[in-house]
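Data block below; observations after.
The values are calculated or read from the model by the stated rules, or taken from the named source; none is laboratory data. These figures come from a predicted structure and were not determined experimentally. Reconstructed Cβ throughout: ideal geometry from the backbone, glycine too, with neighbour counts over all protein chains shown. The area values use the complete protein model at the heavy-atom level, side chains included, leaving out ligands, DNA and RNA. Shrake-Rupley method; radii C 1.70, N 1.55, O 1.52, S 1.80 Å.
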Amino acid sequence: MSDLPTPLTISEDAKARLKVMFIAKHALGDGTPHPTDGTHATYHHEIRTVLEDIGLNLVLADRYQSLFDRPDVDFVFPLLNRGGFLNSEMLLPLLCNRHSIPYLGASPIIRGMSDDKHLTKMAARDAGVPTLDWAIFRRGAPMEEAKMPKGERFVIKPNASSASWGVSDATDWPGVQAAVAKIHGEGHDAIVERFLSGHDIEVSVITMNGKPIILPTQMNVQADPTILRTYEEKRNLSDGPQRYKMVPYDDPEWLPQIYEYTYKLLPEYLPFDYGRWEFRLDPESGTLMFLEVNLNCNLWSKKTISISAGLAGMSHAELIETILAESLSRNGLLP
């Protein structure tokens, strides 16, 4: 981590010259937690404030419709994720492509692949990275028990979801069927995999000067490795105590293997500007498995990638300006 390059900056000339649209569900809010989105509203307000403090010429938007017609902007900083419909992660970059407006983050097809847990697991298998056996149940397709992986306990979740939204578990086929049917009823595909007890390893990656840089790695240590983390807990909507804590992870036994797997996976997603690769480690059984990729992951100062950047000596504002400067340069808007 001592090899982290100097944080990137945006010149004063570029700040005055470029119009940047910041589009997020709560871009116009005051930072007050939302009844259902929780601290996601606080997060959006914080990023807006950081961009304003950097000195950017900002245009604010909170709806997809803001990009139906071409806006008078040079670049888009998109955080309008999880639109409530299938494959919504692809819509903003698609709208930007339609108008030939460059934007932060990966292309629509890469965003779509990274958001589809089934496809990311297939890519991991192809790269020789171990991942738990799984079954994909697309909405409208036959639901066949023969597709199920072997196991005694299963995790069922939307095939494209974040923050543990819609996640449940079951121990038999009827329980799996009911959980999948519920997800289908909400308009989403479902994925089922064997439950693996353990802790989540979070590998944050940004690109700088055209190269992927791994930031210091974190572990989400579960108070009880056998329980499921909930959406309410991750969005701070629950009054109960946090059942996990994030700590720096530098285990000399596992970290080299984790980095090797991450570097095997990265080429599928370049260029992506920033993202997080997740693994599940069960120290008792000595099992390490790839879980999923989260491109355009949460940039809030209290979340993983920002904390990782801080461990590398980069402030939250420096992280935001660095990934933005890298993307502006990659898209030909900076010298």
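Structure data summary
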item	result
Cβ-Cβ under 6 Å pairs, at least 6 apart or on other chains, segment 249-276 side farther than 16 Å from Arg125 by Cα and open to solvent by less than 20 Å² (accessible area, probe 1.4 Å), far side in a helix (DSSP H, G or I) and not β-branched (Val, Ile, Thr)	Asp273/Ser327
Flag for His34 being touching a strand residue (DSSP E or B) at 6+ places or on another chain (Cβ under 7 Å) and either more than 30 Å from Arg280 (Cβ to Cβ) or open to solvent by 10 Å² or more (accessible area, probe 1.4 Å) (or both)	no
Segment 77-104 residues that are within 25 Å of Thr322 (Cα to Cα) and part of a loop (DSSP other than H, G, I, E, B), paired with ones that are open to solvent by less than 30 Å² (accessible area, probe 1.4 Å) and of a type in the set (D, E, K, R) (beta carbon under 7 Å, 6 or more apart)	Asn81/Glu89; Leu104/Asp273
Some residue of segment 293-314 being under 20 Å from Val50 (Cα atoms), assigned to a helix (DSSP H, G or I), open to solvent by less than 40 Å² (accessible area, probe 1.4 Å) and touching a Pro at 6+ places or on another chain (Cβ under 8 Å)	yes
Strands (runs of 3 or more DSSP E) contained in segment 139-215 and holding at least 1 residues crowded, with 16+ Cβ neighbours inside 10 Å and touching a Gly at 6+ places or on another chain (Cβ under 7 Å)	154-158, 190-194, 199-208
Residue under evaluation Gly286, criteria (1) under 13 Å from Leu215 (Cβ atoms); (2) at pLDDT below 95; (3) over 17 Å from the mean Cα position of the chain (by Cα), criterion not met	(1)
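The rows are residues; the columns are (1) more than 19 Å from Pro93 (Cβ to Cβ); (2) open to solvent by 10 Å² or more (accessible area, probe 1.4 Å); (3) in a loop (DSSP other than H, G, I, E, B); (4) out of contact with any strand residue (DSSP E or B) (no Cβ under 8 Å at 6 or more places or on another chain).
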| position | (1), (2), (3), (4) |
| --- | --- |
| Thr9 | yes, yes, yes, yes |
| Ala14 | yes, no, no, yes |
| Lys25 | no, yes, yes, yes |
| Asp30 | yes, yes, yes, yes |
